[in-house]
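Worksheet for the structure shown next.
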Amino acid sequence: MSTVFQDARYGLRMVAKNPGFAAAAVITLALGIGAATTIFSVIDNVLLDPFPYVDAQRIVMITIHNDADNRPGGRSFFRDDEFLDYEEQNHVFDAVIGGTGQDILYFNGEGTEQFDGGYVTANMFQVLGVPALLGRTLMPDDDKPGAPPVFLMAYKLWAGRFSLDPKIVGSTFTLNGVPTTLVGIMPPRVTKLGSDLWIPVVLDRGRPVSQARYFMFQAHLKPGVTLRQAQADVNVIAHRFAQQRPKDYPKQFSIQVDTWIDRLVGQFSKTLYTLAAAVGLLLLIACSNVANMLLARGAARGKEMAVRASIGASQWRLVRQLLVESVILGLAGAVAGCLLAYAGIKLLVMFIPQDTIPHEAVIGLNLPVLAFGVGISIFTAILAGLAPAWQTAKLDIVERLKDSAGVGVRRGKLRSALVVAEVALSLVLLAAAGLLMRSFVALQEVDLGLRPDNILVARIPLPRGQYATAAAKQQFFRSLLERVSGLPGVVSATEASTLPPYGGIRTELEISGKTHTEKWEGIFQLVSEGYFRTLGIRLLRGRTLSEVEVNDARKVAVINQTLARRYFGEEDPIGQNLTLEMLATDITPPVTDPVFEIVGVVADAKNQGIQDPPRPEVFIPYTVTGSFERGVLVRTARDPLPMLDTLRREIWAVDRNVALTMTGSLKDYLKRFSYAEPRFSLILLAVFASIGLVLVGLGVYSLIAYTVSRQTREIGTRMSLGATRWHVLRMVLQMGLQLILLGAGAGLLLTFAVTRVLAHQLWNISTHDPMTLVGAVGIIGLVGLAACYVPARRATRVDPMVALRYE
């Protein structure tokens with residue numbers, strides 16, 4: 001151990017003796033280690049351990065996937081009777097929990113507030129293994145018939161709305177018109193269903209289908225049961241149910257049993273693993289750069305190592321000495337890298353798209369992350385220092401004692417190979433960032449078929465019972481729209497049942513006089529007459545809905561171009577009748593004879609996200625039924641967000657028991673649901689690519705500068721024999737250009753293989769897009785030549801007389 005301490009002391013002195021070299025190495029390592037630690041922190045806190053619950057890794061979810069649909073996902077919510085049947089008939093779960101989101105309206109004395117409620121089975125938090133922070137949690141008896149109404153409050157609501165007042169526990173709140181007692185406050189990280197509060201619910205097998213509630217089904221696997229076994233067991237139950245309830249199951253479907261974590265994170269996990277791979281490339285670039293620096297430094301210390309070897313130092317002792325110095329640099333890089341990671345995590349959390357990670361996840365520098373940072377630092381330092389240490393230790397002592405000015409062919413080749421590797425890896429990062437950028441630009445240029453600018457969005461949850469009928473909803477919205485439309489700065493306003501361009505209400509379709517064997521499906525929207533004007537959707541044929549038709553709840557409809565083309569072909573749809581079967585079977589009360597006359601055709605507008613083609617869509621008067629959630633869209637002359645408080649006052653002027661939620665501009669919703677995740681990947685990969693590009697520039701510069709310094713005598717000889725400055729400049733630039741071209745060629749081959757992992761994140765762009773690859777090669781070439789230029793210019797200024805006396 002004494003010799004190890006000697007090596008450490010000597011290593012510290014050598015590092016302190018060369019502060020410029022040490023600073024460059026530490027900064028290089030810190031960039032790679034900081035990026036790696038930041039991404040690992042996200043992976044650890046989002047994918048590996050996102051929940052504060054007990055044994056959450058064995059909680060699974062069931063999905064019924066329609067095999068005819070190429071998109072992932074499917075139905076994972078079940079009606080009361082279906083939920084209970086799965087719970088009772090399975091052989092693989094030892095506990096089942098369920099819940100569903102629902103608006104909770106609370107009157108605060110001035111107006112009504114909306115809270116995100118969670119109606120959950122009473123065993124929810126006992127299965128999850130989390131006690132209450134204050135009071136108690138829900139108990140099995142809380143959902144028994146006749147039990148007094150109770151609820152739990154989330155910490156975020158307690159802190160944000162009730163100022164952490166502990167005295168509210170035991171108080172009675174009127175929620176949705178029912179006096180309900182608050183029995184407990186849950187810890188900060190407990191945010192099940194993203195709810196503000198939780199109310200126990202009784203599942204009722206006798207509930208009519210038309211009044212169905214749908215609950216998310218989650219279950220805890222029995223000890224020793226695998227996902228494959230659970231899937232096989234549930235598959236038998238599901239296919240038995242499909243025969244009993246054919247309308248609830250597709251003709252061809254499969255059962256998927258996934259862990260809760262996989263289901264929540266889903267597609268975002270691929271993004272994180274892609275970023276982890278990018279960080280791995282960046283770390284390799286940092287390793288190559290530091291290894292090159294250590295090789296150059298080792299060559300400069302050749303005489304020192306030869307003297308140490310000549311007086312008895314073994315090869316292992318020399319290697320160990322150099323590795324100790326590398327580890328010292330690595331530990332310094334770890335400290336700097338963790339500081340960078342701390343700042344990086346704070347910034348990264350700001351860019352993570354909402355609703356892509358569990359609400360319970362807290363991303364920070366915890367103990368596993370710090371251990372990872374230190375471990376990766378030491379590994380990186382040893383990896384970067386091993387080759388230089390071995391090269392330095394094994395060369396001939398006699399040659400070293402001569403202090404030859406030659407570069408050293410083998411060491412020169414190794415340094416060149418490292419630079420070529422840096423260029424290749426950096427090109428991969430740059431090409432990936434370029435592909436994401438072009439894909440992101442393509443997304444933003446998608447024609448939505450509507451104008452999203454200056455539109456204020458607000459969902460309006462209405463009190464239950466009071467607005468159960470179509471007439472009641474009509475009275476409320478007619479009064480509200482008249483008041484809002486008359487406000488200064490408002491261009492137009494409309495009622496809407498869903499938020500464009502993110503879907504509608506699904507239904508089967510029938511067209512009078514047409515027969516077909518396959519199922520005809522589409523979506524419909526419940527709208528007022530101002531819908532098309534507010535959104536800027538173009539009329540192609542016929543007319544839109546009139547105010548009289550909406551007020552009288554006439555059965556007329558406007559269809560989109562996709563529906564007209566798919567189900568009518570070249571035939572004119574105007575005047576023909578269309579049936580929306582869902583209105584007759586799945587709501588209470590049903591719409592009698594839901595046959596609508598088509599009066600107009602509008603241009604397609606995106607209605608299932610901006611990447612997928614539009615579905616067949618029907619627009620009908622909102623007054624034909626009192627079912628479904630509703631909201632308003634308001635087009636303003638300027639920025640719509642300042643209008644929000646005015647809209648709230650107008651709503652309360654009509655009815656103080658009505659709240660509003662999901663407020664914002666339509667452009668903000670597009671950013672949140674459509675652009676946020678691509679933007680997140682683009683920003684991070686662009687940062688990694690930029691860092692890699694800087695490191696490549698430093699690597700090329702350091703190699704060429706070192707080579708020029710070792711060839712000073714050769715350059716002087718050439719110039720004394722008649723070589724011009726242009727010849728010297730061209731020789732040095734050619735040396736660097738060869739390395740850059742080799743690296744670019746290797747990088748292109750690597751890019752063709754690696755960018756395939758980005759396919760799921762790209763839209764309307766090839767993973768081998770020529771323009772992107774040419775641009776990436778061009779940028780790499782420019783950076784490399786710029787890095788060569790400074791040492792090349794320095795070489796042209798060599799004085800032949802001084803150079804000939806060199807060494």
- Give, in whole angstrom and from largest to smallest, the semi-axes √(5λ) of the equivalent ellipsoid of region 1-83, with λ running over the eigenvalues of the Cα gyration tensor. 55, 18, 10
- Task: Would you mind working out the accessible area per residue for region 708-798, using a 1.4 Å probe, and quoting it in Å²?
- Result: 54 Å²
- Placed amide H near Ile62: partners under 5 Å, 5+ positions off or other chain: Phe217
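Can you tell me the order of 517-529, 616-628, 234-246, 548-560 when each peptide is scored by its average per-residue count of other Cβ atoms within 10 angstrom, highest first? Working shown, then result.
Values: 517-529: 18.2, 616-628: 22.4, 234-246: 14.6, 548-560: 19.8.
The densest-packed peptide leads the list: 616-628, 548-560, 517-529, 234-246.
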- To the nearest 0.05, the calculated FRET efficiency linking Thr585 and Val491 through their beta-carbon distance, R0 being 35 Å, is 0.35
- Cross-link partners of Lys251 among aspartates and glutamates (Cα-Cα below 16 Å; sequence separation of 8 or more within a chain): Asp67, Asp69, Glu508, Glu518, Glu521
- Message: Per 0.36 nm of contour for each residue apart, how much would the distance between Tyr214 and His727 grow if the chain were fully extended, relative to their Cα-Cα spacing?
- Response: 176.8 nm
- Message: Which residues among region 63-104 fall inside the zone where the amide N is under 11 Å from a point 7 Å beyond the Cα of Thr226, along Cα→Cβ?
- Response: none
- Task: Taking all protein chains together and a probe of 1.4 Å, list Leu430, Leu641 from the most accessible to the least accessible.
- Result: Leu641, Leu430
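Does region 99-189 classify as rounded, prolate or oblate by the C-alpha gyration tensor (a ≥ b ≥ c root eigenvalues; a/c under 1.5 gives rounded; else a/b over b/c gives prolate, otherwise oblate)? If you can, show how the numbers build up before the last one.
Numbers: a/c = 1.58, a/b = 1.22, b/c = 1.30.
Verdict is oblate for region 99-189.
What is the ratio of the Cα radius of gyration of region 465-521 to 2.2 N^0.38 Å, where N is its residue count, to two decimals?
1.71
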- Between helix 725-754 and the chain: long-axis angle, C-alpha atoms, 0 to 90°, nearest 10: 40 degrees
- Please give the solvent-accessible surface of Val777 in Å², to the nearest 10, using a probe radius of 1.4 Å with every protein chain present. 50 Å²
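Stokes-Einstein at 10 °C, 1.306 mPa s, Kirkwood radius from Cα pairs: D for region 605-682 in µm² s⁻¹? Present the calculation step by step, with values, prior to reporting the outcome.
Numbers: Rh = 15.6 Å.
D = 102 µm²/s.
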- Query: Within straight cross-link reach of Lys156, meaning Cα distance under 17 Å, which lysines are found once same-chain residues fewer than 8 apart are removed?
  - Reply: Lys167, Lys192
- Message: P(r) for region 37-169, please, calculated from all Cα pair distances in 10 Å bins and given in %.
- Response: 9, 27, 35, 22, 7, 0
- Query: Under 17 Å from the Cα of Lys17, which aspartates and glutamates turn up, not counting those fewer than eight places away in the same chain?
  - Reply: Asp7, Glu304, Glu325
- Task: Find how much the distance from Arg464 to Arg648 grows on full extension, using 0.36 nm per residue of separation minus their present alpha carbon separation; answer in nm with one decimal.
- Result: 64.3 nm
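Tell me, what % of the accessible area of the chain is carbon and sulfur with a 1.4 angstrom probe?
On the way: 20870 of 35630 Å².
That share works out to 59 percent.
Can you give the convex hull volume of the alpha carbon atoms of the chain per residue, in Å³? Walk me through the numbers on the way to the answer.
Details: hull volume 172.3 nm³, N = 807.
Cα convex hull per residue, to the nearest whole number: 213 Å³.
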- Note on the structure: Whole-Å distance linking the alpha carbon centroid of region 232-248 with that of region 694-763 is 64 Å
- Query: Using 0.36 nm per residue, how much length does the chain from Ile683 to Lys144 gain when fully extended, once their Cα-Cα distance is taken away?
  - Reply: 188.9 nm
- Item | Spin-label model distance (nm) - Glu518 vs Arg566, 7 Å beyond Cα toward Cβ | 0.9 nm
- Based on DSSP H runs of at least 4 residues, each adding -39500 (n - 2.57), what is the mean residue ellipticity at 222 nm of the chain after dividing by all its residues, to the nearest 500 deg cm²/dmol? -16500 deg cm²/dmol
- Note on the structure: Here P(r) for region 509-645, Cα-Cα distances in 5 Å bins, as whole percents, is 2, 9, 18, 22, 20, 15, 7, 3, 2, 1, 0
- Item | Label-to-label distance, nm, for residues given as Thr592 and Ala417 (7 Å Cα→Cβ offset) | 8.7 nm
- For the pair Gln738 and Leu782, what calculated FRET efficiency results from E = 1/(1 + (r/R0)^6), where r is the Cβ-Cβ distance and R0 = 25 Å, to the nearest 0.05? 0.95
- Query: trypsin sites (Lys or Arg not before Pro), restricted to region 706-800: which are DSSP loop and have at most 13 other Cβ atoms within 10 Å?
  - Reply: Arg797
- Exposure ranking of Lys346, Lys156, Lys167 by accessible area [1.4 Å probe, largest first]: Lys167, Lys346, Lys156
- Bins of 10 Å from zero: percent of alpha-carbon pairs in region 591-748: 7, 17, 18, 14, 9, 10, 11, 8, 5, 2, 0
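The values are calculated or read from the model by the stated rules, or taken from the named source; none is laboratory data. The model shown is predicted, which means the values in this text are computed figures rather than measured ones. Please note: Cβ atoms are built from the backbone with ideal geometry, for glycine as well, and neighbour counts cover all protein chains shown. SASA here: full protein model, heavy atoms, side chains in, ligands and nucleic acids out. Shrake-Rupley method; radii C 1.70, N 1.55, O 1.52, S 1.80 Å.
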